1. I'd like the FRET efficiency for A:Q119 and A:V53, computed as 1/(1 + (r/R0)^6) with the beta carbon distance as r and R0 of 45 Å, rounded to 0.05.
2. Can you tell me what share of the DSSP beta bridges in the protein assembly as shown is antiparallel? A percent to the nearest 5 is fine.
3. Order A:L46, A:L387 by their accessible area, 1.4 angstrom probe, all chains in place, largest first.
4. Setting aside same-chain residues fewer than 8 positions from B:K264, which lysines have a Cα under 16 Å from its Cα?
5. Which of the DSSP-defined H helices in chain A satisfy a minimum axial length of 30 Å, computed from C-alpha atoms, and a minimum mean Kyte-Doolittle hydropathy of 1.0?
6. Report the calculated FRET efficiency for A:I175 and A:D331 (r = Cβ-Cβ distance, R0 = 25 Å), to the nearest 0.05.
7. Could you work out [θ]222 nm for the protein assembly as shown from helices alone, using -39500 (n - 2.57) per DSSP H run of at least four and dividing by all its residues? Round to the nearest 500 deg cm²/dmol.
8. Per residue of B:180-186, what is the mean number of Cβ atoms on other protein chains within 10 angstrom of that residue's Cβ?
Amino acid sequence: MTNLIIAALLLFLLGLAYQQGWSRSQAVATATGTRLHSRPVYHGALAAVWVLVPAVLVLGLWTAIGPDMTRNFILSQLPPDIAALEGNALNSAVARIMALSSGSGVAGTVEPYEAAAAQALDQFRLLSYLVVIGAAAGTGVLALLLVRRRIVPRLRARNEIEMVVRLALLACSAIAVLTTFGIVASLFNEAIRFFTFVNPLDFFFGTVWNPGFATTGTGAVGQYGILPLLWGTVMVAAIAMLVALPIGLMTAIYLSQYASRRVRDVVKPIIEILAGIPTIVYGFFALVTVGPALSGFGQAIGIDIRSTSALTAGLVMGIMIIPFISSLTDDILRQVPISLRDGSLGLGATPSETIRRVLLPAALPGIVGAFLLAVSRAIGETMIVVLAAGNSPVLRANPAEPISTVTVTIVNQLTGDSDFAGPQSLVAFALGLTLFVMTLGLNVFALYIVRRFREQYE
Amino acid sequence: MDMMAGKFAANVTPLEEGMSLSDHPIRLEARDVCVHYGAKQALYDVSIDIPDRAVTAFIGPSGCGKSTFLRCINRMNDTIEGARVTGRIALDGEDVYDRSLDVVELRARVGMVFQKPNPFPKSIFENVAYGPKIHGMVRNKAEAEEVVVSSLKRAGLFEEVKDRLHEPGTGLSGGQQQRLCIARAIATRPEVLLMDEPCSALDPIATAIIEELIDELRENFTIVIVTHSMQQAARVSQKTAFFHLGKLIEEGDTANIFTNPAKKQTQDYIMGRIG
Ligand SMILES: Nc1ncnc2c1ncn2[C@@H]1O[C@H](COP(=O)(O)OP(=O)(O)OP(=O)(O)O)[C@@H](O)[C@H]1O
Ligand SMILES: [Mg+2]
């Protein structure tokens, strides 16, 4: 309710300011008989921005300091013996009063002092609410008056609006960047804590993964060699890419160059459905169908293939990634100008020569990008490997044996009771950081390749 | 009419001494060719004979179907979704739309320079060597180099690019790209060469070089050229066909068309009154 009223107030201010800026600019132009530098819409928009910013600042300020002020007010209303409580006891006393005031019930009997405090809180809330709204509206109106005085025919409202738009866009992209930095910083922080328990050299170059259990933890730390996990991750991702890359590429080539419109219209959505299947479903599929089938096949030809293994997980992950590669590559191939294809065909090249020698090279940067994105996905993929890779963090070369990956291990280390105090759970952050650095490295590499290729041909 | 004769007569390239167009065997024969793009008809019943070892010019206002007809000859319209060609086009008496005909081989024999320069995103060298390589016409680097250099020279581009043969062809200027595409087309030694406005972006000197090239190619090959320049049509061609709104209005000896057109429309176009 309160939020709705505030939103309505802001909207009203916005509309008013826009209208004022718009009509005022025309009025001054007519009065002075000069041409406006910017069209009235820009004056309107600029006035709206100028009015909105102070009002929003006031509201933002209240959001920041309001809760503390409310709490202090409640404390001042409590009898001294209650107010002298500490920690959880105090918090729950405050929470009871807030619950009473907001009308949701509380357990147990309501003490008289509680009822009184709740009533006082009601009044405080109403008052502060009115003050805030008044302040927001007041600053808004004040700003509007000031803005009206600024409006003269030569005011470069258009340029200022362009600047505002630029800042707004910048702020939006800053959100993504800041979030990334925040995540990395927290990963880094916790990883550092982990490295106070375990020597980084043992972590990055250890070949044995045997963290032991947090509950047994007296001082026994266990062994945290990441190499078996990295090896498992790389093996599964490599098998997945071996499956997905050729099939995805061929599919894309068929769809973009050979398929008739009708075939395309049917096949493409079906392939894209593959991409929409939740990965946990692929996990079942691997566990229940592909694993046993592979192991049966292995028996038939006399090779021992375990039903949960790097092979099973890699194969199914490859199937999952096919649409990713085929869809991206298809789009990229279709972006190659038709005139290039015509030029090649016109010289008597066959369609396949044209694809190999002209279209694929022209599309290569995009294809490499798609490939590396797909690799990032394969490395970060979790559900399929949790279910189908066998969860056996042992350094093994044979893909037919169970393995474990970085992602699976993170899941294992974080499930169960974890208090983020011992290395058993903190290792998850070190693993996460490693994964992040790997995918980051891949992306940087992809950019580098794409750039180099572009320089060569553009 | 006299005025027209004066304007163009001096420019018309005469055929070889004592020869008339009728002495040239017919290389390409089109009968009742209609083209539809989806529901829209772009060409109406075009019938024309194109003589061997001569230059035939297609003229006509923009959008009248010159490129469309040209693309029918080497079946480049096959690649356009929704394009439909009916009628008969025969190369040396063989229907090019026949099921048994291999379209890849057809396009190797009938080369094309497209209206819009379309160099591959490869080096200048690779652009020109592309055709000879895929057709196995060159066996090693030295042979490829020979073909590339001679083709570039004939297209009048070599001097400008000889120091940067291994830089991308897409980095050339518009007119240079156009000549690169011409060099690329002649490198495969097609028997018939279709040129769609090959000089549209060229200065007079480069144009003169290309026209010389066309004259030289004419000795051995069949050439069809689309042009918007009446002077150019008069200078390089022996036969001219005038298209208007998808129809072939008039065709005949270039000298005749330019000095004594049978149709009023042709005359108006040549004199610059329509189009
Ligand atoms: N790919 C296409 N799809 C649909 N319509 C087309 C296509 N190509 C050409 N057309 C239409 O066919 C008609 C003839 O086009 P065409 O390109 O043959 O003209 P043109 O004589 O070469 O013109 P210009 O001198 O401008 O190059 C035009 O009306 C054009 O709009
Ligand atoms: Mg054209």
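The values are calculated or read from the model by the stated rules, or taken from the named source; none is laboratory data. Please read all numbers here as calculations on a predicted model, not as lab measurements. Using ideal geometry, Cβ is built from the backbone for each residue, glycine included, and neighbour counts are taken over all protein chains shown. Just so you know, the surface numbers come from the protein's heavy atoms only, side chains and all, with ligands and any DNA or RNA stripped out. Shrake-Rupley method; radii C 1.70, N 1.55, O 1.52, S 1.80 Å.
1. Numbers: r = 37 Å, r/R0 = 0.82.
E(calc), rounded to 0.05, equals 0.75.
2. Working: 27 of 46 bridges.
In the protein assembly as shown, DSSP labels about 60 percent of beta bridges as antiparallel.
3. Numbers: A:L46 5, A:L387 50 Å².
From most accessible down to least: A:L387, A:L46.
4. Answer for B:K264, where 16 Å is the Cα cut-off: B:K247, listed by chain and number.
5. A:40-77, A:157-197, A:227-253, A:310-335
6. Numbers: r = 27 Å, r/R0 = 1.08.
FRET efficiency, A:I175 to A:D331: 0.40.
7. On the way: 29 runs with 444 residues, N = 733.
-20000 deg cm²/dmol, from helical runs alone.
8. Details: counts 0, 2, 0, 0, 3, 3, 0.
Across B:180-186, the average partner-chain Cβ count within 10 Å equals 1.
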